[in-house]
Amino acid sequence: MAQPGIPAARGAAAGLQAQNGAASASGSPYTNGPVQNTLMSSQVSSSQGYDSQLPGSYPRLMPAKTLTPFSAQSNFGGSQGSGQTLNRPLVASNPVPPPVHSGPPRMPLSTSQNPAATPMPSGSFLPGANPPPPLNWQYNYPSTGPQTNHFPHVAQPTVSGNTNLTADHQYVSSGDPSLQTSFIKPGSALPLQNPPLPTTFQPGAPLGPPPAGGLPPDRGLRPQKTPPRAALPPSLNPAVNQEGITAIANNGSMVAHSTYDEIEGGGFLATPQPINQNSKPSRSVGYAYPSLPPGYHNTAPPSAAGLPPSSLNYPSGPQAFTQTPLGANHLTASMSGLSLHPEGLRVVNLLQERNMLPSTPLQPPVPNLHEDIQKLNCNPELFRCTLTGIPQTQALLNKAKLPLGLLLHPFKDLVQLPVVTSSTIVRCRSCRTYINPFVNFLDQRRWKCNLCYRVNDVPEEFMYNPLTRVYGEPHKRPEVQNATIEFMAPSEYMLRPPQPPVYLFVFDVSHNAIETGYLSSVCQSLLDNLDLLPGNTRTKIGFMTFDSTIHFYSLQEGLSQPQMLVVSDIDDVFIPMPENLLVNLNESKELVQDLLKTLPQMFAKTLETQSALGPALQAAFKLISPTGGRMSVFQTQLPTLGVGALKPREEPNQRSSAKEIHLTPSTDFYKKLALDCSGQQAAVDLFLLSGQYSDLASLGCISRYSAGSVYYYPSYHHQHNPVQVQKLQKELQRYLTRKIGFEAVMRIRCTKGLSIHTFHGNFFVRSTDLLSLPNVNPDAGYAVQMSVEESLTDTQLVSFQSALLYTSSKGERRIRVHTLCLPVVSTLNEVFLGADVQAISGLLANMAVDRSVTASLSDARDALVNAVIDSLSAYRSSVLSGQQPGLMVPFSLRLFPLFVLALLKQKSFQTGTNARLDERIFAMCQVKNQPLVHLMRTTHPSLYRVDNLSDEGALNINDRTIPQPPILQLSVEKLSRDGAFLMDAGSVLMLWVGKNCAQNFLSQVLGVQNYASIPQTMTDLPELDTPESARTITFISWLREQRPFFPILYVIREESLMKAAFLQKLVEDRTESALSYYEFLLHIQQQVNK
């Protein structure tokens, strides 16, 4: 059994590179001493330099150990100032899994995911027996060897570097038998699974404290290659041991965990553990055990743990679940009798039926599950799979030529979220899965894990249901009735005391920046929202500005006004008066307000044109590293001084070339600094407000690898471009006031036999499958790619579980868990039947971004087209009986060619000279970081006719009547000169008004007398006292409310400059450099029929 504090031997932190953008792990291992897990960067562990004896203190010491440079973690250039050596947190503390690309853009590589693999023809997505080259997207990865998902095992890539893990990474709890029951030690609650909580969940008075600060935003992160169910929810908070770190061994000894991996519970077994109790996977899911023995109910109930009322609104209403129906036998019988929707079996000839776009928003397919299981399933807005029927074998998946992966939005804002405060978080002793609606209760005292099939004991505390106040019905507890649930984590889920909310703002104040006028807008937004920043009495705030020098602002209590401190030595940055630069917001609020009011005028007459962004970021990192937190950096030009200085690389005349050469960073400074930030639980959000090339490909790394976000406002100017000012103010309001999770980690697990190999999103993969998220926000999405490593013939259902461990802005350690259950299918027809075309398109877009960066833009475009050709060829040759003329597709994939064509015309992948390099890079950042719903809206906009809106079929929400016009195809054919058409393209709304539009619409909605009176630059609709105006404004407001960013509205007439942009988004029409939809279908048909 692993000794307390000593990680079980595991592959060194080597194979992180692909995933996280960390450099190759082949560098020398860290020197002796506990390795600091990048994930847990600022955890209390001996290696961190934190004094674990002082629970509430955050010493300012930087970790004192010097680490041997690890490519991703080596110290960035420039001395660290104050003579301190900054340790780079160890990247992977767990066994190193095959390097999976995660944050960095990378297309799925071969099974080995070795970036050096020989490239394969760009056309093929499927891997052959050999590892696929980086050029091909491989959906199906050949099994990587014995490391199947057997236990919480993750396939382990070759490890370079030392193989001994330091105390940082040990999944002791996951593999050691003695630790398995230990996690149920009294006082530690097993995490509840997250089936939607019944509304009945809300008894009159909450039995436990309601979640402080409201529900944490849902956010998913992109897992690294991790064994299906092996991954545990990472502990988000450095302070909390996510998955029962302090598991109690059978002998009663307590294991002290020193890393997030341990807290999280580990994704694979630390020690191979026989699953003797249930060597054969059970086919059933759900609760099935015989009726309770007489007198069982008389047992004295243990004290009830409190549960705050709340419930996820999906499905809806209380979910009463009867215990008996879901046994294995019942399930088999019930599933065999299910009939598939006839529409799903329909074969469509796209050349004859081109108008397949539904007039209402496209809904995700419903898995072919028994209704008792499906009603408990996770909301697809939070967790969905590209295939709702999981192929039994990798061979079957390869044959279908479709990608297998998950798309997550784990920290999404939820109206109702069950929050459980319990002394016992119930988890599988083997793989550390949280108990959930899809486990199988063998009897009242035993439950079988739905991921690894281990039989676990039901803890005594779990026998009592605090909602019904009944003893002996563990299957009716909220944890087992809700696929999405949140746990208040006990102290064993902490590596250090929960950090306070810390917000550091870093402003560019060079001449170029002052000229744009952005500073006054941002300072005013901060003044307006200062009291709304998420936090509590511990909230800290600080400000820095920079040009060719760095300026700090002392806000010490007692000063009559803020004091500026200037550091002009940008080659050796140091922090003057560190104790007064990050101050308690409540105690220094007046000084903060004074600074925000005076800052815009302070540099009004500056002539300094240089920008020392790199040194400013180094200084900000030093300032925030003792606690962690969020850095908000505002930059308006290319950095020109000090470390991180960049040179212009854009060549406007080469924009049309598909062989884009500047999609990769020109320096690794920003990536290395981001990894340092991640190790200290700091995330960097970048606001780029620039009219000129600023090399976002390089600058964006600071946010990508630190789990931050990028905001881009091209040509921002307070006078020349006022709509950008409105957009910035609206988005800043959302940014400053939305929920936030600090020091978070996330892990995704899946059923034995499945394996996760590639992650997409903004994060750093710490240990094979543990995603480090120094900040997590409700507007970020993640994706992962999977393969079938072992045959799933012995099971009918598989499950996926994401667990996000984080610290709320109120200082609570919480674990948000989502669990998804899907059926296993054995025929190719069933695989195609369950295909989710939106999820497939979203995953392919993420893969294409990686391919663009690792290979070329043309390779990525070819791979997208080949994805369609390969899957439809497979359908034609293996499913259709007899060769039929035309382009025959299964009904589920009827929109696949259309969505791929839309991707080819999206700014990330389009060819042509109208895409500036920074705009293309920003579009790629959005693909990797946006939840699926926003990505699809940006890729394939919705077109509505709005000059004839009516209340027929309208939605009624909060006393508002919202018209629901039908969605039209994106083609000029659907436009008419006598109408007005609104296009919702995600980040922009465009209202095209035809030349002969009815006078009624012009006067009653636009407030103009005739067509010629429509202003050339109209970006707002007047609020008129007419029903037509009210309907139109209500509809536009409703569309805007559905996203976290603010889409500008442009009213477009025939002569408008925006007309070309509007026509460009009509993806079914031909453009200068792209085929029309019909031409594209003919090309696909030609290739499929070869």
Placing +1 at every Lys and Arg Cβ and -1 at every Asp and Glu Cβ, with all other atoms neutral, what dipole size does region 465-504 have around its Cα centre, in debye to the nearest 20? 80
Whose amide H sits under 5 Å from the amide H of Ala1074, counting only residues 5 or more places off or on another chain, with H placed in the peptide plane? none
Expected output is a single nm value to one decimal: the length gained when fully extending between Glu381 and Asn948, i.e. 0.36 nm times separation in residues minus the C-alpha distance. What is it? 201.0 nm
Lys and Arg at +1, Asp and Glu at -1: neighbours of Thr549 with Cβ under 11 Å from its Cβ sum to -3
Inter-part gap, Cα centre of region 529-570 to Cα centre of region 733-801, in whole angstrom, is 35
Mind listing the long-range amide H neighbours of Arg454? Cut-off is under 5 Å, sequence gap 5 or more, other chains count too, H placed in the peptide plane at 1.01 Å from N. Cys449
Separation of region 844-882 and region 405-459 by C-alpha centroid, Å? 36
Ordered by packing density, taken as the mean number of other Cβ atoms within 10 Å over each peptide's residues, highest first, how do 524-532, 676-684, 854-862 rank? 676-684, 854-862, 524-532
Could you rank the peptides 663-669, 703-709 by their average count of other C-beta atoms within 10 Å per residue, with the highest value first? 703-709, 663-669
Give me the one-decimal nm value for the distance between modelled label points at Gln563 and Ala395, 7 Å along each residue's Cα-to-Cβ direction. 7.6
How big is the charge dipole of region 361-467 about its Cα centre, in debye rounded to the nearest 20, if each Lys and Arg gets +1 on its Cβ and each Asp and Glu gets -1 on its Cβ? 480
Mind checking the per residue accessible area of region 1015-1090 for me, 1.4 Å probe, whole number of Å²? 49
Hey, rough spin-label estimate for Val366 and Leu1024, points 7 angstrom out along Cα→Cβ, what's it come to in nanometres? 4.3
Assuming R0 = 25 Å, what is the FRET efficiency of Asn914 and His1083, from their Cβ-Cβ distance, to the nearest 0.05? 0.60
Charge dipole of region 488-580 about the Cα centre (unit charges at C-beta), most positive-ward option of Leu527, Thr516, His551: Leu527
Which residue, Val1051, Phe1062, Ile1036, has the largest displacement toward the positive end of the dipole of region 1032-1090 when charges sit on each Cβ (Lys, Arg +1; Asp, Glu -1)? Ile1036
Cα lying deepest toward the dipole's positive end in region 771-866, options Met847, Val776, Ser858, charges on Cβ: Val776
Quick one: 3J(HN,Hα) in Hz for region 966-983, Karplus 6.51/-1.76/1.60 with θ = phi - 60°, rounded, Gly and Pro as x. x, 7, 10, 5, 7, 8, 4, 4, 8, 8, 9, 5, 9, x, 10, 10, 9, 10
³J(HN,Hα), Karplus 6.51/-1.76/1.60, whole Hz, each residue of region 1065-1074, x for Gly, Pro: 8, 7, 5, 7, 9, 6, 10, 4, 10, 9
Output ordering of 811-818, 1048-1055, 628-635, 457-464 (per-residue mean of other Cβ within 10 Å, highest first) is 811-818, 628-635, 457-464, 1048-1055
Beyond a 24 Å Cα-Cα separation, which of these cross-linked pairs lie in this structure: Lys401/Lys752; Lys907/Lys928; Lys589/Lys671; Lys375/Lys399; Lys974/Lys1059; Lys375/Lys928? Lys589/Lys671; Lys375/Lys399; Lys375/Lys928
In nm, to one decimal, how far is the Thr609 label point from the Asn1010 one, both placed 7 Å along Cα→Cβ? 4.9
Viscosity 0.890 mPa s, temperature 25 °C: what is the translational diffusion coefficient of region 561-699 from Stokes-Einstein with a Kirkwood Rh over Cα pairs, rounded to a whole number of µm²/s? 143
In order through region 452-457: 3J(HN,Hα) via Karplus (6.51 cos²θ - 1.76 cosθ + 1.60), integer Hz, x for Gly, Pro: 10, 6, 6, 8, 10, 7
5 Å is the cut-off here: which amide hydrogens, built 1.01 Å from N in the peptide plane, fall below it relative to Leu970, excluding neighbours closer than 5 in sequence? Glu1068
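The values are calculated or read from the model by the stated rules, or taken from the named source; none is laboratory data. Given the structure is predicted, the values throughout are model-derived calculations rather than measurements. Ideal geometry is used to build each Cβ from the backbone, glycine not excepted, and the neighbour counts take in all protein chains shown. Heavy atoms of the whole protein, side chains included, go into the accessibility calculation; ligands, DNA and RNA do not. Shrake-Rupley method; radii C 1.70, N 1.55, O 1.52, S 1.80 Å.
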